[in-house]
Each structure stands twice: as structure tokens, then as C-alpha cells.
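Have a look at the structure below before the remarks.
The values are calculated or read from the model by the stated rules, or taken from the named source; none is laboratory data. Everything numeric in this text was worked out from a predicted model, so none of it was measured. Reconstructed Cβ throughout: ideal geometry from the backbone, glycine too, with neighbour counts over all protein chains shown. To get the accessible areas, we keep the full protein, side chains included, count just its heavy atoms, and leave off ligands, DNA and RNA. Shrake-Rupley method; radii C 1.70, N 1.55, O 1.52, S 1.80 Å.
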Amino acid sequence: MAFSKRATVTVLAASLGIFTTGAFAQEPATSLNCLKMSKQVKDAMAHQTPGPAVDAAANEHKVGTTYCTKGFYKAGIARYEAALKLMGGSSTASSSGHSSS
């Protein structure tokens, strides 16, 4: 009976997002977060005037994609964050404190 109550509380807490704080701030580096960050960078680049910052961001995006496709999600997300920073933006996904893969 105690196990059943604990399991129910755990499931409810997880469904309410109690174990995470912020939209993506504490989520682990995953392929899904890589995809979300990649889209965010592409969208940001589409709304920027072409120039050195966009070129550098495009390079960071390319390297981030390479990392993410090889399973190094934390490194890939870090590159996407660097791309957003180059364009003066901020990311909504971060993997600080979490291991890659």
C-alpha cells in the first residue's frame, strides 16, 4: 500500500514537472533538445541581416549538428548556444550540469 501511494505521488509529480525547473533549463542533453536548439538557431539566423556574426553562427550550428548526430548532445547544445550568443540572442535550452549522451 505504501509503495502504491509513493508510486502515485511520483507519477503525479513527474507529470506536473516538479522534477524540472524552467522550460528546458534543467533537462538533460538529449537528441530532442538538440533538435529544438537547432531549430531555434535556424529561426534566429533567418531573421538576421547577413554578416560575419551570422556566418560564425552558421559555422557553430554546423558543428553543433555534427556533435548531436554523433550522440554528443551536450557539446552540440553548447555550440547551438554559442551560435545564439553570436547573434545576440539567448537560448531556452541549456544542459549545464548534465552529461552528454
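If the condition is being of a type in the set (A, V, I, L, M) and either buried (at least 19 other Cβ atoms within 10 Å of the Cβ) or at pLDDT below 90 (or both), then the stretch 28-53 contributes 29, 37, 41, 44, 45. Sub-7 Å Cβ pairs linking a first residue in the stretch 40-58 that is without any contact (Cβ under 8 Å) to a residue 40 or more places away in the chain to a second residue that is open to solvent by 40 Å² or more (accessible area, probe 1.4 Å) and of a type outside the set (A, V, I, L, M), at least 6 apart or interchain, are 54/48, ordered by first then second residue.
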